[in-house]
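The block underneath contains the structure these notes are about, expressed in structure tokens.
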Amino acid sequence: MATKNTLTSDDWIKAAFRALTTGGVQAIRAEAIARDLKVSKGSFYWHFKDVPDLKAKMLAHWAREATDAIIAEIEALEVPARERLRLLVHAATDERSLPYGGLLTDGAVREWARFDAMAAMTVKSVDESRLGYIAVLLGRCGFSSAESRSGASALYGALIGLEALAASGLADLRGDLLRLLEALLGSRASS
């Protein structure tokens with residue numbers, strides 16, 4: 001059995017995301033998450049002031065790990081923009097979301113944002129960052145500013161929709177996104 005000293009705040013955040021993904025925002029409760037982690041509810045307060053504090057830290061964690069860290073990881077590589085776009089698709093579709101609830105995690109955060117102003121602001125900021133980064137990469141591939149914005153919207157919109165379809169077994173998330181990316185890049189010279 002884990003103790004308050006062996007669990008990190010990240011362990012609690014991951015468990016809270018799993019609760020969100022399976023039960024919605026109302027499932028983010030200290031007692032239920034403690035039960036999932038097999039610790040006492042009291043150990044929750046070792047890491048968080050209260051549930052609103054946990055929720056705020058969840059949103060910050062999501063923005064940092066599911067966006068900022070991925071962009072930094074891709075930018076650290078010395079590869080052409082086309083390859084960065086491919087690597088971005090791989091990062092967006094790899095197994096890093098599994099400890100948080102898998103493919104449905106982003107969708108659960110988006111659902112949360114429909115009813116919560118703080119979550120809505122975070123989702124908007126994340127969407128702007130993701131769209132902006134994709135547009136920058138498309139621009140590096142020779143797309144005009146308007147084409148970059150449109151291509152970014154198409155690729156990112158496809159990711160959002162395909163995540164839901166893939167969770168139901170109705171799409172090949174990575175394969176479909178890579179095919180869409182290749183179609184977008186098809187008319188451009190190699191960069």
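Shape class of the range 20-79 from the alpha-carbon gyration tensor: prolate, with a/c at 1.5 or above and a/b greater than b/c. Modelled spin-label separation between residue 168 and residue 53, with each label point placed 7 Å from Cα along the Cα-to-Cβ direction: 4.0 nm. The 3J(HN,Hα) values that the Karplus relation (6.51, -1.76, 1.60; θ = phi - 60°) gives for the range 142-153 are, in residue order, x, 6, 5, 4, 5, 5, 5, 5, 5, x, 4, 4 Hz. Gly and Pro appear as x. Shown in residue order for the range 26-38 are the 3J(HN,Hα) couplings computed by the Karplus curve 6.51 cos²θ - 1.76 cosθ + 1.60 at θ = phi - 60°: 5, 7, 7, 10, 3, 5, 5, 5, 4, 4, 4, 8, 6 Hz (x for Gly and Pro).
Exposure check, 1.4 Å probe, all protein chains in place: residue 115 carries approximately 150 Å² of accessible surface. Candidate values (1) 9, 38, 40, 12, 0; (2) 8, 29, 27, 10, 4, 5, 6, 6, 4, 1, 0; (3) 9, 34, 31, 18, 7, 1 were compared with P(r) over Cα pairs in 10 Å bins from 0, in percent computed on the shown model; the agreeing label is (3).
The values are calculated or read from the model by the stated rules, or taken from the named source; none is laboratory data. Not measured: the values here are computed from a predicted model. Note that each Cβ is placed from the backbone with ideal geometry, even for glycine, and that neighbours are counted across all protein chains shown. With ligands, DNA and RNA removed, areas are computed over all heavy atoms of the protein, side chains included. Shrake-Rupley method; radii C 1.70, N 1.55, O 1.52, S 1.80 Å.
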